[in-house]
Amino acid sequence: MTKRLFVGQVPVGGGAPVSIQSMCNTKTHDVEATVAQIRALEDAGCEIIRVAVPDTAAAEAVDKLKARISIPLIADIHFNYKLALMCAERGIDAIRINPGNIGGEDRVKAVAEACRRRGIPIRVGVNGGSLERELRAKYGGVTAEALVESALGHVKLLNKFDFDDICLSVKCSDVPLTMAAYRLLSERTEYPLHLGVTEAGTPSMGMVKSAMGIGGLLCFGIGDTIRVTLTADPVEEIYAAKKILRAAGLRKQGVNLIACPTCGRTRIDLIALAEEAERRLADCDKPITVAVMGCAVNGPGEAAAADIGIAGGDGEGLLFRKGEILCKLPQDQLLDALMAEIEKV
């Protein structure tokens, strides 16, 4: 089990539930736009939010943002250690840095001391694209061993200045490499791990990469907090993260919708039914399994474990609960009957 730290009031590691993160794509100094996006993300299920802090104006917005939001705020900082100090003074909940790109050891020491005094954790974020040149040379490129050595080297530097409230990440856009790096890192350290497949791409492919990389690691018991990176509205990252956690068996909130793939036996418009059921159930927080099946073969029998379900026939279908048939209905009444039955749960 990893060590536990707190990002604001959210526990990370030490057996705490895996938390969901995202990052704003607004200009951080635009407080109104950033607050609006954070609230939308929180409504979707985001539990920790990160903002870019590339300049003084962004750092000066931290306390204004903190005053208007209720989830923890992380500052993402590169190159300028003074921005980290400014954010610490303004009540930031955590800082993400790569100690290798903010200057000499005296600057790392200044950040470590500022964070230690205020109880602010630091995430050491190592990316394949920013791996140190000497490690690339040593290992012949970006490898799992190189990424892990980089992360642990940064940990050693922070430890040198009596700082140990650390979370680690070793992200790449290559899924097998990312998974290998995290598995190796989990063997060599007890610090909590922030999972992600960086630069995963648009939702169509990014979701697949993230489900494989993040979901695969979670199924191995690796990972304490996650961010799904998508080239899309950040709210989509939250929906994707929730789906991954449910698929990995780590979240019970929300509906687990199962549906068969259709075949030559299907005689109702199952695809439309399943899509409409998914739409109607998007905001349902009940921890139930709902089945939308295409025929009697894949109906109450194969979906017997579902709490509630429908199974199609020829222009009609069955409504069932826990494998027991409740009634037979015309196709155009099936979905309404399903939703009404879900309301009773």
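The values are calculated or read from the model by the stated rules, or taken from the named source; none is laboratory data. If you're wondering where the values come from, they're calculated on a predicted model, not measured in any experiment. Using ideal geometry, Cβ is built from the backbone for each residue, glycine included, and neighbour counts are taken over all protein chains shown. Just so you know, the surface numbers come from the protein's heavy atoms only, side chains and all, with ligands and any DNA or RNA stripped out. Shrake-Rupley method; radii C 1.70, N 1.55, O 1.52, S 1.80 Å.
Summary table
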{"quantity": "Enumeration of residues in segment 234-269 that are open to solvent by 20 Å² or more (accessible area, probe 1.4 Å), of a type outside the set (F, W, Y) and assigned to a helix (DSSP H, G or I)", "calculated": "V235, E236, K242, K243, R246, A247"}
{"quantity": "Answer residue from segment 134-164, given it is assigned to a helix (DSSP H, G or I) and hydroxyl-bearing (S, T, Y) and is most open to solvent (accessible area, probe 1.4 Å) among those", "calculated": "Y139"}
{"quantity": "Selection count where residues are under 13 Å from I288 (Cα atoms), open to solvent by 10 Å² or more (accessible area, probe 1.4 Å) and not in a helix (DSSP H, G or I), scope segment 305-345", "calculated": "5"}
{"quantity": "Answer from A272, A282 - the residue that is under 28 Å from T202 (Cα atoms) and in a loop (DSSP other than H, G, I, E, B)", "calculated": "A282"}
{"quantity": "Tally, over segment 23-81, of residues that are out of contact with any helix residue (DSSP H, G or I) (no Cβ under 9 Å at 6 or more places or on another chain) and of a type in the set (G, A, S)", "calculated": "4"}
{"quantity": "Total residues in segment 205-226, condition over 13 Å from the mean Cα position of the chain (by Cα) and closer than 17 Å to R4 by Cα", "calculated": "2"}
{"quantity": "Any helices (runs of 4 or more DSSP H) falling wholly within segment 1-71 and containing at least 1 residues that are within 19 Å of C115 (Cα to Cα) and open to solvent by less than 10 Å² (accessible area, probe 1.4 Å)", "calculated": "56-60, 62-66"}
{"quantity": "First in segment 104-131 and more than 18 Å from L168 (Cβ to Cβ), second anywhere and in a helix (DSSP H, G or I) and open to solvent by 20 Å² or more (accessible area, probe 1.4 Å), Cβ under 7 Å, 6 or more apart", "calculated": "E105/L157; R107/Y81; A110/Y81; A110/L85; A114/L85"}
{"quantity": "Qualifying residue in segment 89-112 (condition: within 21 Å of Q21 (Cα to Cα) and in a helix (DSSP H, G or I))", "calculated": "no"}
{"quantity": "Selected residue [under 30 Å from L41 (Cβ atoms) and small (G, A, S)] from A337, A277, A311, A306", "calculated": "A277"}
{"quantity": "Residue in segment 107-120 that is closer than 21 Å to V228 by Cα and not charged (D, E, K, R) present", "calculated": "no"}
{"quantity": "Pairs where the first residue, in segment 33-51, is more than 12 Å from S70 (Cα to Cα) and the second is of a type in the set (F, W, Y), C-beta under 8 Å, 6+ apart", "calculated": "A44/Y239; G45/Y239"}
{"quantity": "Among the residues listed as A110, A114, A94, A75, the single one being on the phi < 0 side of the Ramachandran plot and touching a Cys at 6+ places or on another chain (Cβ under 6 Å)", "calculated": "A75"}
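Okay, residues lined up against (1) among the basic types (K, R); (2) open to solvent by 10 Å² or more (accessible area, probe 1.4 Å); (3) out of contact with any strand residue (DSSP E or B) (no Cβ under 8 Å at 6 or more places or on another chain); (4) modelled with pLDDT under 95:
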| site | (1), (2), (3), (4) |
| --- | --- |
| A114 | no, no, yes, no |
| V126 | no, no, no, yes |
| E132 | no, yes, yes, yes |
| I166 | no, no, no, no |
